[in-house]
Amino acid sequence: MEILVCLGVAVLSAIVGASVASIYFKKSAESKSRLIIKDAEEKAEMLKKEKMLQAKEHFLQLKTDYESEASERNNNLLRLENKAKQREAQLNQRTDELNRKQKELSTQKNSLDQLADSLAKKESHLDQALKIQTETLERLSGLSASEAKSQLIDSIKDEARFDAQNFIKEMLEEAKLTANNEAKKIVVETIQRTAVEHAIENTVSVFNIESDEIKGRIIGREGRNIRTLEALTGVEIIIDDSPDAIILSSFDPVRREIARLSLHKLVTDGRIHPARIEEVVGKVTRQIEQDIVETGKQTAIELGIHGMHHELLRLVGKMKYRSSYGQNLLSHSKEVARLCATMAAELGLNTKKAKRAGLLHDIGKVAETDNDLPHAIAGMRLAEKFKEKPEVCNAIGSHHEEEEMTSLFAPIVQVCDAISGARPGARREVVDAYIQRLHKLEELALTYPGVVKTYAIQAGRELRVIVGAEKVNDSDAAQISYDLSKKIQDEMTYPGQIKITVIRETRSISFAK
């Protein structure tokens, strides 16, 4: 029984404790929920205030932007309005000025109308007076007005024609004198300002050796070395009794140079046999070809010529190993280029074009195409092929008058080519041919009637002809000079030009006894 009572008390205590706990937890949960709600409300209020502030700031920013934009628009409108007012003021000013000018023109027109009326009246009076005067003159002279007018015109024409002829004659004489003096001045200054060295090219080169023992090694067993070298270079190698020397003979300077350098390398190396000779000649040939290209480039740089085709530069370098009448072709072309530039500068022309034409004028002499064209025409074709200027091409093709000259550069190149070739020592001729040419010059002059003596002077550059004063008059002397120059041109070949001077003098001699 007691146990049951205890159990009942325990159960009752548990029930009471559970209800008390539930009541406590319920109250605790309610208080927590109230705290959470209160905290949420506070956060919501803070968020609301923050959003309100942001909205106010955004509104103020938009208001500021709008006000600045409106202010800028108002300023623009004010500027446009000011401009419009200024233009309106200007237009008003111009309108006033136009009105004033129109009034002035109206006044002037009225004055001119009045003046025209008065002139018309005076003209009518003058016509009447002139008619009366003309009738009086016709009656006194017995000629009509048209007849007198025609006579007066004829006399004025004759007088004007006579004056014009005298004036033209004086002008021509003055122009000839001035032109001759100016031309002489330009040519002399050009020659004086351009001077080059003249190297006489030969058809043989001498290769020096240390001893005659090397000759045998160059010849080789049964002559195989020398035959190989001659076959590869195209040069005749002459080995004779000359001490310490071997002669290389060829008309082509390039071949002679290849043979000379090849011999030098072979003798220095000491190995001389056909295979080694072929190898050395091949290397030297490539070296010479490279030297030709470098020479062309260096020449263009030296003369200040730019933009030239590489093939033309190679041909320019090839001129180094070419000669004409014993004159080195590259030296001659460089001299002509400098002469052309100097003369073009004196005449106020383009010096670069003149220098270019002077350098390339003999390019046809080293052309590698085998044709029968004259070197001037061949050079012109080459220049046209590699896109040179038309003036340069024409100057190249016409410097021997095989093409018509179309620009001033052509006669400049022709003159400078003659100057370079005519310098003393510039070109070499065989002595016998030179003497024969001088004799032929004198003999041609002696064939004309009235010629007493002839002298070829200035190394054949001038021919002086002395005629008898009693057999030849002045006009005949001038005719002899002209005919002789044409005959020399047709029958003789010579470098440069020949001056023909015909001398006729009258001597009166008396004796006092």
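Taking Leu359 as the residue in question, decide whether it is in contact (Cβ under 8 Å) with a residue 24 or more places away in the chain, touching a Gly at 6+ places or on another chain (Cβ under 7 Å), in the same structural domain as Ala337 (by TED's automatic domain parsing) and not β-branched (Val, Ile, Thr).
Spelling it out, it is not the case that Leu359 is in contact (Cβ under 8 Å) with a residue 24 or more places away in the chain, touching a Gly at 6+ places or on another chain (Cβ under 7 Å), in the same structural domain as Ala337 (by TED's automatic domain parsing) and not β-branched (Val, Ile, Thr).
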Could you please tell me which pairs satisfy a Cβ distance under 8 Å, a separation of 6+ or placement on different chains, a first residue in region 280-306 that is free of Cβ contacts under 8 Å to residues at least 24 places away in the same chain and in the same structural domain as Ser262 (by TED's automatic domain parsing), and a second residue that is of a type in the set (D, E, K, R) and part of a helix (DSSP H, G or I)?
Val280/Lys265; Val280/Asp269; Lys283/Lys265
Among the candidates Ala422, Ala456, Ala478, which residue alone is modelled with pLDDT of 85 or more and aliphatic (A, V, I, L, M)?
Ala478
Between residues in region 209-238 that are closer than 16 Å to Gly282 by Cβ and residues that are in a helix (DSSP H, G or I) and hydroxyl-bearing (Ser, Thr, Tyr), which pairs lie under 9 Å by C-beta distance while being six or more apart or on different chains?
Leu229/Ser262; Leu232/Ser262; Leu232/Thr285; Thr233/Ser262; Thr233/Thr285
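Within region 352-385, restricting attention to residues that are among the β-branched types (Val, Ile, Thr) and buried (at least 19 other Cβ atoms within 10 Å of the Cβ), which residue is modelled with the lowest pLDDT?
Val366
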Residue under question is Gly397, and the condition is that it be without any contact (Cβ under 8 Å) to a residue 60 or more places away in the chain and at positive phi; does it hold?
no
Among the residues of region 317-336, the number that are crowded, with 20+ Cβ neighbours inside 10 Å and either within 17 Å of Phe386 (Cβ to Cβ) or among the hydroxyl-bearing types (Ser, Thr, Tyr) (or both) is 6
Complete set of residues in region 47-87 that are more than 60 Å from the chain's Cα centre (by Cα) and acidic (Asp, Glu)
Glu50, Glu57, Asp65, Glu67, Glu69
Could you tell me which of the residues Ile301, Ile292, Ile238 is surrounded by 15 or more Cβ atoms within 10 Å (Cβ to Cβ) and of a type in the set (Val, Ile, Thr)?
Ile292
The correct count of residues that are surrounded by fewer than 17 Cβ atoms within 10 Å (Cβ to Cβ) and either modelled with pLDDT of 75 or more or in contact with a strand residue (DSSP E or B) (Cβ under 6 Å, 6 or more places away or on another chain) (or both) in region 245-264 is 4
Arg276, sole failed condition from (1) among the basic types (Lys, Arg); (2) outside the structural domain of Glu222 (by TED's automatic domain parsing); (3) over 31 Å from the mean Cα position of the chain (by Cα)
(2)
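The rows are residues; the columns are (1) at pLDDT below 75; (2) over 19 Å from Tyr321 (Cα atoms).
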| position | (1), (2) |
| --- | --- |
| Val206 | yes, no |
| Ile209 | yes, yes |
| Ile218 | no, yes |
| Arg227 | no, yes |
Looking only at region 469-513, count every residue that is loosely packed, with under 12 Cβ neighbours inside 10 Å, assigned to a loop (DSSP other than H, G, I, E, B) and over 38 Å from the mean Cα position of the chain (by Cα) and tell me the total.
10
Looking at region 160-181, which of the residues that are more than 25 Å from Leu347 (Cα to Cα) and among the aliphatic types (A, V, I, L, M) is modelled with the highest pLDDT?
Ala160
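The values are calculated or read from the model by the stated rules, or taken from the named source; none is laboratory data. Computed from a predicted model, the values in this text were never measured in an experiment. Every residue, glycine among them, receives a Cβ derived from its backbone with ideal geometry; neighbour counts consider all protein chains shown.
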